[in-house]
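The structure under discussion appears below in the form of structure tokens.
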Amino acid sequence: MSSTSEEVQEFVDQQYKHGFITDIETDTIGAGLNEDVIRIISGKKGEPEFMLEWRLAAYRKWLTMSEPTWAHVRFDPIDYQDIIYYSAPKSPEDGPKSLDDVDPKLLETYEKLGIPLIEQQMLAGVAVDAVFDSVSVVTTFKEKLAEAGVVFCPLSEAVHSHPELVKKYLGSVVPTGDNFFSTLNSAVFSDGSFVYIPKGVRCPMELSTYFRINEAKTGQFERTLIIAEEGSHVSYLEGCTAPMRDENQLHAAVVELIILDNAEIKYSTVQNWYPGDENGVGGIYNFVTKRALCAGVNAKVSWTQVETGSAITWKYPSCVLRGDNSVGEFYSVALTNNCQQADTGTKMIHLGKNTRSTIISKGISAGRGENSYRGLVRIAKTAEGARNYTQCDSLLIGDTCAAHTFPYMEIGNSSAQVEHEATTSKISEDQLFYCQQRGIGEEDAVSMIVNGFCKSVFKELPMEFAVEAGKLLSVSLEGAVG
Amino acid sequence: MLSIKDLHVSIAGKPILKGINLEVKAGEVHAIMGPNGSGKSTLSQLLAGRDGYTIDSGSVTYKDQDLLELAPEERSWEGIFLAFQYPVEIPGVNNTYLLRAGLNAIRKHHGQDEVSAVDFLKLVREKAKLVELDESFLSRSVNQGFSGGEKKRNEIFQMAVLEPSLAILDETDSGLDIDALRVVAEGVNKLRSEERAFILITHYQRLLDYIEPDFVHVLSDGQIQRSGDKTLALELEREGYAWLDTETDIASEAGAA
């Protein structure tokens, strides 16, 4: 009808900018899952016996479970026997010792993603643990971190170097059998990051990992474990982007955070998995279990996520506030465009006295996107004086998208204070016209309005990530607004 | 500068403007008055490029270009500014951020460099004083939590920063108390110049006590019924708009005959 809606359509129709495939020989096992496959995975990694047993126990448990159906998402059934559960870049010997040893094509991939490793390390002072498919290829800055006593390495390495920590904490926050996808992850997880911050240490730099799915039909099963000892502090950044594919790819990651007395973990994510084309063909299925345990007094965890990718997002970074006075925060921007579906939110489980939690959720729907906020606030009987504040806002762009809100509250202690605010709004013609009248083009105006809507979340991100997130949002919405 | 010729405009098939003729030259101040529903706001929105109007016939020429062919932002770049009757709130978007983006877009269009952050800050502080706008407004979200008077002052402030060639003020006086009205009017008067033209859309004569127009037009039923100098506004003040109905009736009867 109007030029506005056409332009909006154009904006929406922009192609995924990170869609390319790197042609690298990979060491891949056949599709399907059984105990032998798990033995192969474990064997390829040279894991100690306890890990193999742990995986097998998870697998046996998983066999008794079924996919959850409560989320507000629709997708064709996943054939778990049609998935390849292990793939690693084939490198001579046991992988590169330095950047010079890294497959140039791999480095090129990072270049295309705008993550020139060397520059990024130099400029941002960020240690990068780059995960390419399933094996961590490059780990940097280890020495500097080692000086501070910080361990930042692939989980597959930590199994050997810090078996006592892995044994003690792996599965302690997300136990085997917690849910279908996390249990599958426990059985077949490929690799991920392991972080250990010793007592009283403030991690000297932000830790960052870039994930990327590359091999066709390869499930990606990341597993991350972060332990913050008493009085320690760490900020962890996770970002990802994936190449264009026609077939859906399953991604079931697990992240566990353990925070002891007076410690703090800040965990930031920018997620840009391939969302599928404008008709919903292809795209990543992202079923993630992220949970933090504030085990000690005054422990604090802060989840910040910017979710713009994936065909389906199923993700509820949660906080278990067990220590007295512990604090949980969740700041989220979730964007769905075209046929994307997101069911995301958080769980705040208040167990300790005077525990506090804050939830700020911003959902943006465009195209035919479906965006659901699902959040649980549970105040246990023991949580004397607990407080929660929830604010959950939805922004609609166009008239073919949808936003839903599913808040759950379970209050077991009458001293609790729980607040919930929710709004749903549309980018109005009035707002766009106002910006245009002041000389700002429509696309820039949309981007400006959406960024404004997300401001209270973006300000929680580390600076360079906030800039990246703003750009990502603009790119994801190019054409999507009007 | 602006030439409107026999302009007929409708919304969803309903005629709103029924043959508007208006010539505005640089340096002139035109007041367009008229009762509610006469088409005043339609005219101002249309000139600024708002979507949703159908041009049935006629033309609008601005600086020798067909204005109706230009997108709203292009009109802004060419120096058209609309002070909105109801300025919209944009949560999370900083007032000066929006303004700086607008100013830079305009400058870019004219082949000028972007204004530096320091120069811009100097500029906005100076202009904020002009409309007695507290500096705290500069860092707030666009119009969010502003009172009615503050919103209108913010519009004049933006106008002062963007320095348009043709400023259209759509009922900027409505809802203002006498002090705010004075401030707004003074702001406008300070911006009057040989190169700049103003169109003041207003319902009341009150504003014209402070801003002296060169021409006054009475718009009713989609047509300019009368044009004159500022004395016409005073006449309207005395007699109201009721006489228009009579004249319109007579006119249409005459037409029928």
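Readers should treat all values here as calculations from the given coordinates under stated rules, not as data from a laboratory. Note that the structure is a prediction, hence the values are computed from the model and not measured. Heads up, the Cβs are rebuilt from the backbone with ideal geometry, glycines too, and the neighbour counts pull from every protein chain shown.
Structure values in brief
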{"read-out": "Residue order, fewest to most beta carbons within 10 Å, for A:392, A:435", "value": "A:392, A:435"}
{"read-out": "Between the stretch B:85-102 and the stretch A:53-81, the Cα center-to-center distance that results, in Å", "value": "48 Å"}
{"read-out": "Cβ-Cβ FRET estimate between residue B:195 and residue B:56, R0 fixed at 51 Å, reported to 0.05", "value": "0.95"}
{"read-out": "Contour excess over end-to-end distance, with Cα ends at residue B:242 and residue B:26 and 0.36 nm allotted per residue", "value": "74.5 nm"}
{"read-out": "Karplus 3J(HN,Hα) series, Hz, for the stretch B:165-179 with 6.51 cos²θ - 1.76 cosθ + 1.60 (x for Gly, Pro)", "value": "8, 10, 9, 10, 9, 8, 6, 4, 7, 5, x, 9, 7, 5, 5"}
{"read-out": "Environment charge at residue A:296 (Cβ cut-off 12 Å; Lys +1, Arg +1, Asp -1, Glu -1)", "value": "-2"}
{"read-out": "Residue order, fewest to most surrounding Cβ atoms within 10 angstrom, among B:173, B:229", "value": "B:229, B:173"}
{"read-out": "Computed label-point distance, nm, for sites residue A:82 and residue B:36 using a 7 Å Cα→Cβ extension", "value": "6.4 nm"}
{"read-out": "Two-site FRET efficiency, residue B:69 against residue B:109, from Cβ-Cβ distance with R₀ of 22 Å, rounded to 0.05", "value": "0.90"}
{"read-out": "GNM result for chain B, Cα springs below 10 Å: residue of B:151, B:63, B:127 fluctuating most strongly", "value": "B:63"}
{"read-out": "Fully extended contour minus Cα-Cα distance, from residue A:428 to residue A:202, at 0.36 nm per residue", "value": "76.8 nm"}
{"read-out": "In nm, spacing of pseudo-spin labels at residue B:136 and residue A:66 (7 Å Cα→C-beta vector)", "value": "6.0 nm"}
{"read-out": "Crossing angle, helix B:117-130 versus chain B [Cα axis fit, 0-90 degrees, rounded to tens]", "value": "50 degrees"}
{"read-out": "Estimated inter-spin distance, residue B:8 and residue B:209, nm [label 7 Å along Cα→Cβ]", "value": "4.2 nm"}
{"read-out": "For the stretch A:450-459, 3J(HN,Hα) per residue [Karplus equation, 6.51 cos²θ - 1.76 cosθ + 1.60, θ = phi - 60°, Hz, x = Gly/Pro]", "value": "5, 4, x, 4, 8, 3, 5, 8, 4, 5"}
{"read-out": "Amide H partners (placed H, <5 Å) of residue A:238, local residues excluded", "value": "A:209, A:268, A:269, A:270"}
{"read-out": "Cut-off under 5 Å, modelled amide H: who pairs with residue B:224 long-range", "value": "B:21"}
{"read-out": "Too-long pairs where the Cα-Cα distance tops 30 Å, listed order kept, from B:5/B:151; A:290/A:459; A:199/A:455", "value": "B:5/B:151; A:199/A:455"}
{"read-out": "Distant-in-sequence amide H partners of residue A:405 (H built 1.01 Å from N, under 5 Å)", "value": "A:373"}
{"read-out": "Residues A:291, B:238, A:60, A:356 arranged by fewest to most Cβ contacts within 10 Å", "value": "B:238, A:60, A:356, A:291"}
{"read-out": "Principal-axis tilt of helix B:242-256 within chain B, Cα atoms, nearest 10 degrees", "value": "50 degrees"}
{"read-out": "The stretch B:2-256 - share of DSSP beta bridges that are antiparallel (%, nearest 5)", "value": "55 percent"}
